[in-house]
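Inspection log for the structure reproduced underneath, given as structure tokens.
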Amino acid sequence: MNLNEEKYSRFALIREMLETPDIIRLFDPSVSERFIKRIRSKKGLFLTGEGSSRLFPAKRAISSSLKKEYLMPVITEGCTQAREYNLDDYAVFLASNSGQTKEVIRLINVLKERNHNSIFGLTANRNTKLEEVANDTHVLSCGKENAVAATKSVFEQGLFYDSLLRNLRNEKMEGLKKLAQLTEQVLNSSIDKKVTELISKAGIVYFAGRDNGVAAELALKTNEITRQRSAFYEGTIALHGIEEIMNKDEVLIWIDPFDVDQDKFLECIVKGVGVHVIAVSSKPTVFPTIIIPDGGEYAEYLQLAAGWNILVETGVALGIDLDHPKRARKVGNEYVPEQ
């Protein structure tokens, strides 16, 4: 995708995606420092929100934390289910780009009724209900998004949680300029038309991969950007009964395939069912593969950017208005003050 062609530049969604490298380049890891003392006073960290404000930012943070020496429990769940949990010993971060998400505000009210005093907000807008009711709120620098599908804000939320956990560990957050450069490279790379044609004709697009938020977020974006049905199968669940309902010529996009089990996916999914498996990886696989740079500790950001690129090219090929879904709303379930 690029802004030199009108078929791309006319969409706010694409313009906002292409703002992401600069957001990465200018990100200041110190913005999360003021929360550290209060988080350390708790026994765990709970990250919540709805939709894109939780899937990638929270799950990537958890996955990253689990790869390092134990710090404290870092967990996530949707806001409505979280009302049933005892979160007294957790610092709670609630992300809502609009700052007006009903489920988020409702959970804060429940926590306040229980005298919880470590309730923090993460939003892209100022002077919101979230800012009003949280104990402290960080406002992202990315600014308001005009497209319904959240994009640049998802990256910055991820960076914020990344910085938060690093500051908790007294680690420096380095390499952002390189990440910005590689993200720009991935977003501007061309996607083989054979790939977009397969996806365009698929009745459903499956995503497989680690439960680190990338594939789950792309499954959601598939609905918003291409208007196609999608499903996320974490880990190797696609090998454990799901193949029974798969059909020939459907598509499965495997994000960063495990070194093991590729042969079994080939045997059961490709040869056994006739599903087209397309991999997104920094190294060759046994499947048709979209090769992206090795992002190291930031690999998930590049994988997400590659997925955006695939979905945009598919949406453009289908002639879809990328900015205006027919039913999806910018604020999925908006808080309305009681009269």
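Read-outs: derived from the displayed coordinates by stated rules, not from any lab. What you see is a predicted model, and the numbers here were worked out from it, not measured in a lab. All Cβ positions, even for glycine, are placed from backbone atoms using ideal geometry, and neighbour counts span all protein chains on display.
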Taking the range 136-230 and dividing mean pair separation by its residue count, relative contact order in percent (alpha carbons under 8 Å, at least six apart): 21
All aspartates and glutamates inside 20 Å of Lys248 as judged from Cα atoms, apart from same-chain residues fewer than 8 positions distant: Glu197, Asp263, Glu267
Would you kindly give the portion of the calculated P(r) for the range 6-173 that falls above 29 Å, as a percent of all Cα pairs? 16
Scoring only Lys, Arg, Asp and Glu (+1, +1, -1, -1) among other residues with Cβ under 14 Å from the Cβ of Thr48 yields +1
Based on the Kirkwood radius over alpha-carbon pairs, what is the Stokes-Einstein translational diffusion coefficient of the chain at 37 °C with 0.692 mPa s viscosity, in µm²/s? 160
Based on Cβ point charges of +1 for Lys and Arg and -1 for Asp and Glu, what charge dipole magnitude is obtained for the chain about its Cα centre, in debye rounded to the nearest 20? 620
Taking the beta-carbon count within 10 Å as an exposure proxy, list Glu16, Glu171 from fewest neighbours to most. Glu171, Glu16
Tell me which lysines have Cα within less than 19 Å of Lys144's Cα, excluding those fewer than 8 residues away on the same chain? Lys102, Lys129, Lys152, Lys221, Lys330
List the aspartates and glutamates whose alpha-carbon lies under 16 Å from that of Lys194, not counting same-chain residues fewer than 8 positions away? Asp249, Glu250, Glu313
Positive end of the dipole of the range 179-317, charges at C-beta (+1 Lys, Arg; -1 Asp, Glu), about the Cα centre: which of Gln185, Gly203, Thr285 has its Cα farthest in that direction? Gly203
Loop-resident sites, the range 242-338, for trypsin sites (Lys or Arg not before Pro), counting at most 15 other Cβ within 10 Å (DSSP): Lys248, Lys326, Arg327, Arg329
Taking amide H positions as placed 1.01 Å from N in the peptide plane, with prolines and chain starts having none, which residues 5 or more places from Arg229, or on another chain, fall under 5 Å of its amide H? Val205
For the chain, list the DSSP H helices whose alpha carbon atoms reach 15 Å or more along the long axis and whose average Kyte-Doolittle value is -1.0 or above? 55-66, 102-113, 152-168, 176-188, 214-226, 299-317
Cβ-defined net charge surrounding Val186, 13 Å radius [Lys, Arg +1; Asp, Glu -1]: -3
